[in-house]
Structures are given as C-alpha cells and as structure tokens.
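J.: I'd like to ask some things about the structure below.
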Amino acid sequence: MDRQRSLRSRLAATALVGPLALASSACSPNADSAVVAGDTDTVMVEHMDYTPESVTVPVDATVTWIFDDGAILHDVVFDDVDIASELIADGTFQHVFTEPGAYTYHCSLHPNMTGTIEVTS
Ligand SMILES: [Cu+2]
C-alpha cells in the first residue's frame, strides 16, 4: 500500500511539472505513454517478461517497475551495480539513475527475464 501511495504521489508530482516539461519538449502529455515527460519511465513485470525490455531515460530519471504477474514472484537484480528489488508478486520498485550508462538486469528466479536501462547524459 505504501508503495502504491508513493507511486501515486510521484505521478502527481510529475503532473504538476507537466506544463514546464511541455514547454521544452514535444512529448505527449498522455500518462499512458511509455515515456512520461522525459524524467520517468515504467516497466511492466508481467507474463514472465519485462515490458518494454529496454528503456532509455535521461540522467536523474526515475524508473518504476510495476509487478503484475498473478502469484508469480519476480525481482529486478542489476548485473553490474548494487541495485536489487525484493522478490514480490505485486507492488512496485523504483530507482533513480544518476549516472549515464547501460544497466542490464534480470530476474533471479527466471534467468530468461532480462532488461536494460539506458541512461543518457
Ligand atoms: Cu521472474
């Protein structure tokens, strides 16, 4: 519940800065878009997969993983940096990427599940 509330307040904050972001960007304000206002992005964890498998975000962007795969536990464990979520069946995990680079990750229970976060400067 706390995580959901945190996600909602973060989305609300994004909505507040929406007009500012729009002034410098042609991005659609549509919250259902895969890329929201340039500084947040969302990865769905469902159907034994991360969707989208690869996302590109600017430095200091917040990436949110939304776990929604029934009763199946998954996590998000990065390969080369010390970032990892808990094993959960629902809820969210968030991380702010402050350094440019390509960050690969996987699910510790299902090695076929892999993803990449590309952070651009
Ligand atoms: Cu998994």
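Read-outs throughout are calculated quantities, based only on the coordinates presented, and are distinct from any laboratory measurement. Keep in mind it's a predicted model, so treat the numbers as computed, not measured. Glycine also receives a Cβ, built like all others from the backbone with ideal geometry; neighbour counts cover every protein chain displayed.
J.: Going through the range 74-105 one residue at a time, which ones are out of contact with any strand residue (DSSP E or B) (no Cβ under 6 Å at 6 or more places or on another chain) and surrounded by 15 or more Cβ atoms within 10 Å (Cβ to Cβ)?
T.: Quick first cut of the range 74-105, residues out of contact with any strand residue (DSSP E or B) (no Cβ under 6 Å at 6 or more places or on another chain) only: 75, 80-82, 86-87, 89, 98-99.
Of everything in the range 74-105, just one residue is out of contact with any strand residue (DSSP E or B) (no Cβ under 6 Å at 6 or more places or on another chain) and surrounded by 15 or more Cβ atoms within 10 Å (Cβ to Cβ), namely 75.
J.: Give the residue that is farthest from residue 120 (Cα to Cα), with candidates limited to residues of the range 49-69 that are within 12 Å of the ligand (Cβ to nearest atom) and more than 12 Å from the chain's Cα centre (by Cα).
T.: Among them, the one singled out is 69.
J.: Could you tell me whether any residue of the range 83-106 is within 18 Å of residue 39 (Cα to Cα) and touching a Pro at 6+ places or on another chain (Cβ under 7 Å)?
T.: Looking for residues that are within 18 Å of residue 39 (Cα to Cα) and touching a Pro at 6+ places or on another chain (Cβ under 7 Å), one finds none in the range 83-106, hence no.
J.: While we're here: Counting just the residues of the range 90-117 that are of a type in the set (Ser, Thr, Tyr) and over 16 Å from residue 47 (Cβ atoms), which one comes out farthest from the ligand (Cβ to nearest atom)?
T.: 98
J.: Suppose we keep only residues that are among the hydrophobic types (A, V, I, L, M, F, W, C) and within 22 Å of residue 40 (Cβ to Cβ) within the range 72-89. Which one would you say is farthest from the ligand (Cβ to nearest atom)?
T.: Checking each candidate, the answer is 81.
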